[in-house]
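Student: Got a structure for you, written out below as structure tokens; questions coming shortly.
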Amino acid sequence: MASLEIVDVRKSYGETLVLDGVSLAMEPREFVAFLGPSGSGKSTLLRIIAGLETADSGEVRLEGRRIDALPPGDRGVAMVFQHYALYPHMSVFDNMAFGLRNAGVPKAEIETRVAEAARVLEIEAHLDKKPGQMSGGQRQRVAIGRAIVKHPRLFLLDEPLSNLDAALRMRTRVELAQLRQRVDAAVIMVTHDQAEAMTLADRIIVMNDRRIQQIGPPMEIYARPANTFVARFVGSPAMNLAPVDLVEGGGPFARVKLPDGAEVETRVAQAGLPKGGVLQLGLRPESVRVVPEEEATTSAKVELVERLGERTLVYATLEGGQPVTAEDKGASAVRIGDRVGLRVDGSAAHLFGADGAGHHAGAAAAA
């Protein structure tokens with residue numbers, strides 16, 4: 001039985017459509033990330049699951065039981081908000097125990113649950129402190145602990161790391177990854193940070209324009225994006241996209257011509273491509289390497305050099321002005337204004353049709 005099922009959920013605010021027929025299913029103890037830009041509908045969907053918003057139509061089921069008509073406290077879910085929402089005048093213990101007291105849980109059981117959650121989160125030494133005496137990361141753990149003590153069947157995390165600085169965010173991300181192994185519940189996290197989604201989630205639900213664009217494991221999303229939106233949104237820096245012409249003839253794989261006339265032999269099956277219309281070639285920056293001119297597929301003028309230590313990102317333009325992002329070694333000698341050779345790895349190329357749908361390497365081989 002699926003842990004969570006969402007069936008054809010729709011939501012509007014007045015004439016503004018926010019969710020348009022969203023459906024998905026989660027497995028027990030699965031960690032899923034809703035990933036998308038602001039306005040994509042991911043937080044609204046989370047709030048509908050929690051019972052903080054009401055869907056216009058559709059169903060939400062948790063472990064086979066329909067919950068969309070139930071009040072939030074009866075749904076078996078616990079939500080961790082972006083802004084902690086801790087009571088500043090209460091101790092950590094009282095913040096974590098507050099919901100249990102309101103639900104009439106016996107005092108001894110409250111103490112047991114809070115102690116266990118504090119042990120799991122390693123905040124046992126802070127139970128007598130007030131939130132104002134704690135760091136941002138510690139306060140976030142208290143907010144998570146307040147959810148854990150409810151023994152929910154589903155955790156909902158709404159941008160849980162967005163208020164932390166970069167170093168603390170990375171450390172808390174590791175803690176969340178460890179925590180999920182100790183909690184017997186499914187987890188949904190809303191984020192616009194793809195590093196969080198790629199690191200923590202079993203599956204990513206990429207959302208944009210009121211709909212789900214793609215569902216899959218992190219590396220599947222990265223390696224086989226369903227459309228141009230996913231290709232550009234997942235991956236840092238974004239996938240290179242360039243208009244190309246299909247070269248007629250040849251073998252089972254598509255050969256395409258870049259705007260500057262250079263040709264790239266892909267491993268995308270010609271048979272599956274749309275007939276006629278515009279094609280775009282998609283290449284991750286690691287598939288476009290700076291090389292000596294005699295080894296190059298094409299050349300480009302360097303506009304910006306980003307030195308990252310272990311690698312260098314080179315932002316350049318092809319003849320005709322088409323932008324391209326390439327990789328070079330960490331100790332790159334490339335400078336702004338240089339003209340450099342670029343070798344394109346056609347075996348890693350993607351093609352996208354006029355409708356934005358992706359066509360990827362391997363289809364012809366599988367056939």
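Laboratory data are not the source of any read-out in this text; all were calculated from the coordinates shown. Bear in mind that the values here come from a model prediction, so they are computed numbers and not experimental data. Cβ sites come from the backbone with ideal geometry, for glycine too, and all protein chains shown count toward neighbours.
Student: Order by neighbour count: Asp158, Asp56, fewest other Cβ atoms within 10 Å first, most last. The partial results should precede the final answer.
Tutor: Numbers: Asp158 21, Asp56 13.
Ascending Cβ contact count within 10 Å gives the list Asp56, Asp158.
Student: Label the stretch 187-233 by shape, choosing from rounded, prolate and oblate, from the square roots a ≥ b ≥ c of the eigenvalues of the Cα gyration tensor; if a/c is under 1.5 it is rounded, and otherwise prolate applies when a/b is larger than b/c, oblate when it is not. If you can, show how the numbers build up before the last one.
Tutor: Numbers: a/c = 1.65, a/b = 1.23, b/c = 1.34.
Note, shape of the stretch 187-233 comes out oblate.
Student: Still on this structure, please answer the following. Can you sort Ile215, Ile204 so the residue with the fewest Cβ neighbours within 10 Å comes first?
Tutor: On the way: Ile215 16, Ile204 28.
With the fewest neighbours first, Ile215, Ile204 line up as Ile215, Ile204.
Student: Can you give me the angle between helix 166-179 and the longest principal axis of the chain, using Cα atoms only, in degrees from 0 to 90, rounded to the nearest 10?
Tutor: It works out to around 70 degrees.
Student: Rg/Rh for the stretch 64-162: what does it come to with C-alpha atoms and Rh from Kirkwood? Please list the in-between numbers first.
Tutor: Details: Rg = 13.4 Å, Rh = 13.9 Å.
Expressed as Rg/Rh, it is 0.97.
Student: Which of Arg29, Arg171, Arg153 moves the most in a Gaussian network model of the chain with Cα springs under 10 Å?
Tutor: Looking only at Arg29, Arg171, Arg153, the biggest GNM fluctuation is shown by Arg171.
Student: Compute the long axis of helix 107-121 from its Cα atoms, compare it with the longest principal axis of the Cα atoms of the chain, and write down the angle in degrees, 0 to 90, nearest 10.
Tutor: It works out to around 30 degrees.
Student: In degrees, nearest 10, range 0 to 90: what is the angle between the Cα axis of helix 136-148 and the longest Cα principal axis of the chain?
Tutor: The helix 136-148 is inclined about 60 degrees to the chain.
Student: Specify which residue in the list Ile188, Gly136, Phe93 is farthest towards the positive end of the charge dipole of the stretch 4-225, using unit charges on the beta carbon of Lys, Arg (+1) and Asp, Glu (-1), about the Cα centre.
Tutor: Phe93
Student: Right, another one. Using a Gaussian network model of the chain whose springs link C-alpha atoms within less than 10 Å, name the residue from Val334, Val288, Val268 with the highest mean-square fluctuation.
Tutor: Of Val334, Val288, Val268, the most mobile in the Gaussian network model is Val334.
Student: Now a separate question. Can you put Ser135, Ser287, Ser332, Ser40 in order, fewest other beta carbons within 10 Å first?
Tutor: Values: Ser135 11, Ser287 19, Ser332 16, Ser40 25.
Listing Ser135, Ser287, Ser332, Ser40 from fewest to most nearby Cβ atoms yields Ser135, Ser332, Ser287, Ser40.
Student: Give Lys42/Lys130; Lys129/Lys150; Lys257/Lys329 a once-over and call out the pairs whose C-alpha atoms are over 24 Å from each other. Don't jump to the answer; show the numbers that get you there.
Tutor: Numbers: Lys42/Lys130 32 Å; Lys129/Lys150 21 Å; Lys257/Lys329 27 Å.
As for pairs spanning more than 24 Å Cα to Cα, those are Lys42/Lys130; Lys257/Lys329.
Student: If you project the alpha carbons of the stretch 240-366 onto the principal axes, what extent comes out on each, in Å, largest first?
Tutor: Computed over the stretch 240-366, the largest-to-smallest principal extents equal 42, 29, 28 Å.
Student: Quick one: net charge around Ala108, please, counting Lys, Arg +1 and Asp, Glu -1 for every other residue with C-beta under 14 Å from its C-beta. Working shown, then result.
Tutor: Working: positive: Arg101, Lys107, Arg113; negative: Glu109, Glu111, Glu116.
Around Ala108, the charge tally is 0.
Student: Treating only the Cβ of Lys, Arg, Asp and Glu as charged (+1, +1, -1, -1), what charge dipole size does the chain show about its Cα centre? Round to the nearest 20 debye. Spell out each step's value before the answer.
Tutor: On the way: 43 positive and 47 negative charges, 197 e Å.
With only Lys, Arg, Asp and Glu charged at Cβ, the dipole is about 940 debye.
Student: Note the listed values (1) 21.7; (2) 22.7; (3) 17.3, then indicate which one is mean projected area of the Cα convex hull in nm² calculated from this particular structure.
Tutor: This structure yields the entry labelled (2).
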